[in-house]
Amino acid sequence: MQLTAVVLATYTSSAAGSTDMEVLARLCCHSPHQAEELLDRLVASRSLAA
């Protein structure tokens with residue numbers, strides 16, 4: 001879960017502020033489904049800030 005948070009923070013810190021789910025999943029060595037579940041967990045634990 002920490003790796004996903006770091007990758008997400010790194011790839012959304014640019015002006016665009018977004019990243020593709022498949023790219024995020026590949027960088028974290030997860031399937032897109034696993035990445036989606038991890039993002040849901042990060043949101044539920046309030047680990048992601050707007």
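The values are calculated or read from the model by the stated rules, or taken from the named source; none is laboratory data. Quick caveat: nothing in here was measured; it's all calculated off a predicted structure. Because the Cβ atoms are built from the backbone with ideal geometry, glycine has one as well, and the counts that use them run over all protein chains shown.
Being surrounded by 12 or more Cβ atoms within 10 Å (Cβ to Cβ) and not in a loop (DSSP other than H, G, I, E, B) is the filter; apply it to the range 36-50 and report the residue that is modelled with the highest pLDDT. In this case the residue turns out to be 37.
Scanning the range 19-35 for residues that are surrounded by fewer than 13 Cβ atoms within 10 Å (Cβ to Cβ) and in a loop (DSSP other than H, G, I, E, B) returns 20, 29, 31.
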